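A.B. asks: Input: one structure, supplied below.
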Amino acid sequence: QVQLVESGGGLVQPGGSLRLSCAASGIIFSSAAMHWYRQPPGQERELVARISLGGKTNYGDSVKGRFTISRDNAKKTTYLQMNGLKPEDTATYFCNADLLTGEFWGRGTQVTVES
């Protein structure tokens, strides 16, 4: 059974930092391109960051220079380091694993940025 479990969300003040984690099980993690998406209240889900099998990264324009995605294949975990958080970063953040055999999603973790 495939499971992606996000953690690390919470309430933070503007300018603060959070580190999200996504622990995977039931998949060959090293064969998965990993993604972080987010969905603000009342809005569509959007891609935040992507890391390929080889470690190449891509970011959405709104988070470039502030967020960093990484992966630890030994721990089967993907991370999203979020610095310089803004109120507009408030959203539910979802982990996504993309393999040749299919695509899998976590249930999300809430990030709220407010004073």
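The values are calculated or read from the model by the stated rules, or taken from the named source; none is laboratory data. These numbers were taken from a predicted model, which means no experiment stands behind them. Here the Cβ positions follow ideal geometry from the backbone for every residue, glycine too, while neighbour counts run over all protein chains shown. The area values use the complete protein model at the heavy-atom level, side chains included, leaving out ligands, DNA and RNA. Shrake-Rupley method; radii C 1.70, N 1.55, O 1.52, S 1.80 Å.
A.B. asks: Magnitude of the Cβ-charge dipole of segment 11-113, K/R +1 and D/E -1, about the Cα centre, nearest 20 debye?
C.D. replies: 280
A.B. asks: I've got another one for you. For the chain, with all protein chains present and a 1.4 Å probe, just round the carbon and sulfur fraction of the accessible area to a whole percent.
C.D. replies: 47
A.B. asks: Where a Cα-Cα gap under 20 Å defines reach, which aspartates and glutamates qualify for Lys86, not counting those fewer than 8 residues away within the same chain?
C.D. replies: Result set, ordered by chain and number: Glu44, Glu46, Asp61, Glu114.
A.B. asks: Whole number in Å², please: accessible area per residue of the chain, 1.4 Å probe, ligands, DNA and RNA not counted.
C.D. replies: 53
A.B. asks: Would you be so kind as to identify which of Tyr93, Leu47, Phe29 lies farthest towards the positive end of the dipole of the chain, taking Lys and Arg as +1 and Asp and Glu as -1 on Cβ and the Cα centre as origin?
C.D. replies: Phe29
A.B. asks: Of Gly84, Val63, Gly102, which is farthest along the charge dipole of segment 40-115 in the positive direction, counting Lys and Arg as +1 and Asp and Glu as -1 at C-beta?
C.D. replies: Gly102
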